[in-house]
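Read-outs throughout are calculated quantities, based only on the coordinates presented, and are distinct from any laboratory measurement. Here the structure is a predicted model, which is why all the values come from computation and not from measurement. Glycine gets a Cβ as well: all are built from the backbone with ideal geometry, and neighbour counts include every protein chain shown.
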Amino acid sequence: QTCALPIFNIYPIPNWQKESKVSLYGEVKFPGEYDIRKGESLRELIERAGGLTEYSYSKGAVFTREKLRFQQQQQLNKLSEDLRRDIASKSFNNSVTDSTLSYQDMTNLINDLAKVKAVGRLVIDLPSVIDGNIDIPLENNDMLYIPSKQNSINVVGEVNFSSSHLFDASLSFEDYIVRSGGLKQRADEDRIYIIKASGLVNIPKNNSWFSANRTDVLEPGDTIVVPLNTEHVDNLTLWSTATQILYQMGIAVAAVGSL
């Protein structure tokens, strides 16, 4: 007497992409590299990873995407090449002669810009993602880094001593700049801006940088950026763009570099 063996049909998980992976680092309960389903969202993946730890600072999350990294690197390379052409042009050399900026200053900026490597950061509102108000479909090689709670304010750019300070809600922007040695002669005081911990750039209106009510502007992890006064150079509007990119990319690199 023969006995028929049972037949089992094993089906793959629908929309599963074995080759697509996303990395979660920092203050998430189960950090690591995850295979993702087609169409899986960031909120769903965070839930699958156990959620955030009690020490997380979601406002300072760094989210990077490979496709954006490639695009940003192309833009940086083009900017560096444009600067080189402007310096080599006769008209630009004439403007250098008439300005207070030296040729060496400009050469140093080009060299610094050439060293910057794009990280492909996408500015996100992670608290809103976790609350379900918005969501982000994931792509292969996406990376999310969630830092620990922060308690500092950074000051960079045209100050005498770029530095970090303990966050104090009673301090003004001016106080933090004074604690960084004050402004340099070529600082553009009218165009000071903040890079939020999320990567968002905040530009207050109506020149109200040092107004009395600042509690809704500065938060732990923010960076005050004092740019160079580009009016010294007549024909190089790229200076302002280049300076801003360097500061913003540098902060993103520092966050990811801490992994």
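Charging the Cβ of each Asp and Glu at -1 and of each Lys and Arg at +1, and nothing else, the dipole of region 151-193 about its Cα centre rounds to 160 debye. The chymotrypsin sites (Phe, Trp or Tyr not before Pro) found in region 115-203 that occupy coil by DSSP, while having at most 12 further C-beta atoms within 10 Å, are PHE161.
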